[in-house]
Amino acid sequence: SYLLFAAGRAETKYDSEAVCNNLKIEITDSKRAGFITEEMVRSWLSSKSIAIVGQPIGQINTMKVREALMAHTYVSSAAVYKTISGDVCIELTQRRPMLRFMTSTGRSSYITNDGWLVPTQLQYSVDVPIVTGELNLPADGQCIYQTDNKIIEKKSDKNYEFLHKLINFVEFLESDSDLRKMFVQIN
């Protein structure tokens with residue numbers, strides 16, 4: 001018990017004296033998708049007034065940092081942790097777009113493989129099938145799946161039913177390499 005007590009005291013002393021030297025950001029799937037950049041992550045944190053570099057390690061709330069990152073619809077998962085060398089590390093995974101909507105009203109959005117509607121970006125475009133026409137889509141930042149106790153249920157609205165059918169159709173196309181080459185746009 002003495003060793004545990006001593007180790008706990010040493011960790012407390014380290015946390016109170018150590019200062020964060022570096023913020024390391026890794027976007028794990030950056031080769032597959034390019035929605036998120038390191039600069040964007042730093043900008044998100046600064047807009048929420050979350051300072052990391054130069055702050056005492058013990059005062060950096062990793063849960064608060066994670067919550068700030070998960071608030072962005074481009075982020076699928078985030079892990080934030082501190083290292084013994086005084087670094088704070090952030091590992092992000094991006095959502096994977098599977099369709100792009102271009103409505104007759106001029107709106108442009110992606111729908112991801114996990115059902116989230118995310119806005120398009122000027123600096124990044126994804127090579128996915130495009131759906132055009134008169135579409136009544138939910139707002140960006142919404143999920144068309146409703147999760148309750150880890151069971152995914154479809155929302156009952158007619159617009160959601162249409163989106164689910166469309167997603168199933170595109171998944172079918174993606175599963176066959178010959179069909180995937182034939183379809184670029186769905187009207």
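Assorted remarks:
- Residue match in the stretch 44-60 (condition: within 14 Å of the chain's Cα centre (by Cα) and not in a loop (DSSP other than H, G, I, E, B)): yes
- Residue within the stretch 155-164 that is at pLDDT below 80 and within 19 Å of the chain's Cα centre (by Cα) present: no
- Considering only residues in the stretch 141-154 that are at pLDDT below 65 and of a type in the set (A, V, I, L, M), the one that is surrounded by the fewest Cβ atoms within 10 Å (Cβ to Cβ) turns out to be ILE151.
- Single residue of the stretch 69-120 satisfying the filter (more than 27 Å from VAL53 (Cβ to Cβ) and hydroxyl-bearing (Ser, Thr, Tyr)) that is surrounded by the most Cβ atoms within 10 Å (Cβ to Cβ): TYR110
- Answer residue from the stretch 18-56, given it is closer than 27 Å to ASN113 by Cβ and among the polar types (S, T, N, Q) and is modelled with the lowest pLDDT among those: SER30
- Residues that are modelled with pLDDT of 85 or more, over 16 Å from the mean Cα position of the chain (by Cα) and among the hydrophobic types (A, V, I, L, M, F, W, C), drawn from the stretch 94-126: LEU99, PHE101, MET102
- Yes/no for ILE50 being of a type outside the set (Ser, Thr, Tyr), closer than 28 Å to THR120 by Cβ and without any contact (Cβ under 8 Å) to a residue 24 or more places away in the chain: yes
- The condition of being more than 30 Å from VAL128 (Cα to Cα) and touching a residue at least 60 places away in the same chain (Cβ under 8 Å) holds for LYS24.
- Matching residues in the stretch 53-68 - criterion: being surrounded by 14 or more Cβ atoms within 10 Å (Cβ to Cβ) and either in contact (Cβ under 8 Å) with a residue 40 or more places away in the chain or of a type in the set (Gly, Ala, Ser) (or both): ILE57, GLY58, ILE60, ALA68
The values are calculated or read from the model by the stated rules, or taken from the named source; none is laboratory data. Keep in mind it's a predicted model, so treat the numbers as computed, not measured. No Cβ is skipped: glycine too gets one built from the backbone with ideal geometry, and neighbour counts run over all protein chains shown.
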